[in-house]
Every structure is written in structure tokens, then in C-alpha cells.
Amino acid sequence: MHAGATVENSDRRIASLDIGRFAACAYVMLFHAAIDVHFQDPVLKYGNSGVQFFMMLSGYVLARPYLEARPARAFELTRYAIGRVTRILPPYYAVVLLAAALSFFHIGASASPVPRGALGWHVFTHLTLTHTFFAETHISLVSVLWSLGLEWQYYVVLPLLILAFRTGKTLSVMLAVIVLTLATRWALPVVAPDRPDLSNGLFLARLTEFAAGVAMAALLGQGWTRGRLMALAAVVGGAGVAYGVMSARDNQMALQGAALLALVPLRLFGPVRATHPLTRALRFLGEVSYSTYLVHTLGGKTLLAALGHVPGASALGPWPRILLYALAGQLAGIAFYFLVERPTTRWAAALFARRRSAFSLPAAGSTPRDPAL
């Protein structure tokens, strides 16, 4: 049986991927919780690998309609751009402005405190998604927001990746991406020795994680079997892990290799639909993972601050505090999803749909576009 047997349903959400989103987000939350409670754990210290999983999954999901579906959807740049703007920016902007207000009034703690005089510059770079290009703004306001600047670089390059992978030379294109990424990571310490943050914030230094997801969509669209895909994932993912282990200063490829080894079997063998109450609950937590990712540190830090005023709370060990931090972050994410993400993204989608319909008329006999774009 071909792994691509379900490609005709490429626009449908896959339950296993939403469950994977939740697992990755939970791992990131626990990673940040351990940092904020000053606890070192040999497993949690790799929690930042959840970001690699998110990026790889993002590449796959965005490429599915154009590479995996049969027939493949024609790429429309305007439609694609509006979809990204309306889906990602409204809740992101809400968090940026909230964090700026908290920083201005000196409420709470920040990974890198921003002086009031420089706050305007920090907000500007975050709103324009250029904050990862500057050392002082890379992790300012809310530390997790650095990844949104990187992800938007991937969004810009996705059309070029789709064109490259549509040539049918998927493995050759992916090999070229691997070489380009490694060359960039080797060159950055030489070209910009005082900017180690660029290895995280520049897309050329991490392109393999996003392109691997796009390549998986292309291979599924070409009818690769599950066995062939699993074998390829084992070889490429294992090579990434081995390279990361051998490279004493750079574990990025190891984390990406581990993400690939998790994503491929999750896509190939995980449930397409959530039919059990547990899988439905996990799928929902995956659906709200974007909100959870954006605000979990705000919720967790608030919880830790509140515990400081509770008699006897100081006797809690690190693990209870970590779990409470993650619970507070998850609840904050659910609340943010219903109060901010859903209403703002729906409003933005409707606004763009009305503006497009005001300036364009469908051709005679054509089917009107979905207003949700």
C-alpha cells in the first residue's frame, strides 16, 4: 500500500499531527519550566528540539496541497500570503503588544529586560518580524518569539522550495539544501564571530528542518511507500544525529534528525482521525498549541510568582513546580486561543475576503472562493 494513498484528502487535518504538535509544545513548556525553576535534567535540557519538530511539521503541512495532493493545487502567491498573515500575525501581534505593555510598566520578568527608551525599537523589530536579525532583540520581550521571526523567513522561501521539489528531483534538491545549510553553519562563526545567535535566527543556517517537511510532502505525492520513507528517514535522521554527536559545538543537526525520526512515523502510522475521547482531547490541545506556545512562559512565570506568596510553597520540589508551570502555561494557552486567537484570526480572514471581493469579480461560471481563504 502506498503511503500517499490518502493524498486526495490533503486539505484535511490529520489527527496524529495535531497530537504531535501538542507533544512538542508540552516538551518545550517543560524545557522552559526547568529553566525558570533553575533545575537541570538530562531529558528536559533537549526540550528546544520541539521547535525543530514544529518547523519541520510546518514545512510539511504548508507543502501538502501543492506537492502531495493529486491533483496538486496551483500555487497562488496572494492566497498563500493572506493565509499566513491572517493565521499567524493577529495572535502574535497581541502577545507582542501585551509583552511591551508589561515591560513598559515593569510588570513581571523578561528574558532580556528592555529599557523604556529602547522599547519602541524592540516592538518595531518584532512587529516587522526582523527581531532575529539583531542580537539585542533576538529574544527580547518574550523569549519564545524569536522562532516566529525564523518561521516567517521560511514562509518567504517556501514558494522557491515548491518550485524546486516540483521538478521531481526531490533527493537531489534536499541534498543541495543540506550542503547549503552546513556551509552556512560553518561560515557564520568565521564571518560573524560575535553573532552566535544568527545560527538560530537565520533561515539559511537551519533550512534543512523546514525543507525536510516539504520533501516529505513531495515524496508522498510521488507515491513512495511507507517502507521506503521509513528507510530514508532512518538514514537521513540517523546521519543528522551522528553528525550532531560528533560535532562538539553544534547539536542542531542531531535535534533535526531526532525530529525527522519522530515526524515520519507519526505521519505514516498515526491516526488520521480522532475517534477516541483521549485522541480528541489531545488533538484539541494540538490545535491550541500555537496559542500555548505564545503565552506559556507568561502563564508559567505568573504561577511561579504567585507561589512565592503562598505559605509553604517554598517546600515544593522542582518537579511539582515544573508540572504546575506547564499546567499554568497550558491553561493560559487555552484561554488565549478562545479569547484572542480564534476571534482575531477569523476577523482578519473575513476582512481580507471582503477586500478581495470588492476589487475582483469572479469570471462567468466560476465557483466563488471560500471566504475563509
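Every number here is computed from the coordinates shown, using simple stated rules; none is lab data. Bear in mind that the values here come from a model prediction, so they are computed numbers and not experimental data. Positions of Cβ are backbone-derived with ideal geometry, glycine not excepted, and every protein chain shown enters the neighbour counts.
Within 10 Å of each residue's Cβ, count the other Cβ atoms and sort TRP146, TRP152, TRP347, TRP121 from fewest upward.
Final ranking by Cβ density, sparse to dense: TRP347, TRP121, TRP152, TRP146.
Quick one: ILE88, ILE107, fewest Cβ neighbours within 10 Å first, how do they rank?
ILE107, ILE88
What is the spin-label model distance, in nm, from TRP347 to LEU171 if the labels are put 7 Å beyond Cα along the C-beta direction?
Rounded to a tenth, the inter-label distance reads 5.1 nm.
Within 9 Å, Cβ to Cβ, of LEU285, how many net charges do the neighbouring residues add up to if Lys/Arg are +1 and Asp/Glu are -1?
Its environment carries a net charge of 0.
Just name one of ALA217, ALA183, GLY257: the one whose Cα is farthest towards the positive end of the charge dipole of the stretch 3-359 (beta-carbon charges, Lys/Arg +1, Asp/Glu -1).
Positive-most Cα among the choices belongs to ALA217.
Any chance you could run the full-extension gain for ALA187 through LEU160? It's 0.36 nm times the residue separation minus the Cα-Cα distance, nm to one decimal.
7.4 nm
Label the stretch 208-297 by shape, choosing from rounded, prolate and oblate, from the square roots a ≥ b ≥ c of the eigenvalues of the Cα gyration tensor; if a/c is under 1.5 it is rounded, and otherwise prolate applies when a/b is larger than b/c, oblate when it is not.
The shape class here is oblate.
Would you pull out the residues with amide H under 5 Å of THR225's amide H, same chain only if 5 or more places away, H placed 1.01 Å from N?
It is ALA3, by chain and number.
Which translational diffusion coefficient, to the nearest whole µm²/s, is obtained for the chain from the Stokes-Einstein equation, given a Kirkwood hydrodynamic radius over C-alpha pairs, 25 °C and 0.890 mPa s?
It diffuses with D of about 112 µm²/s by this estimate.
Let a ≥ b ≥ c be the square roots of the eigenvalues of the Cα gyration tensor of the stretch 253-358; is it rounded (a/c under 1.5), or, if not, prolate (a/b larger than b/c) or oblate?
The shape class here is oblate.
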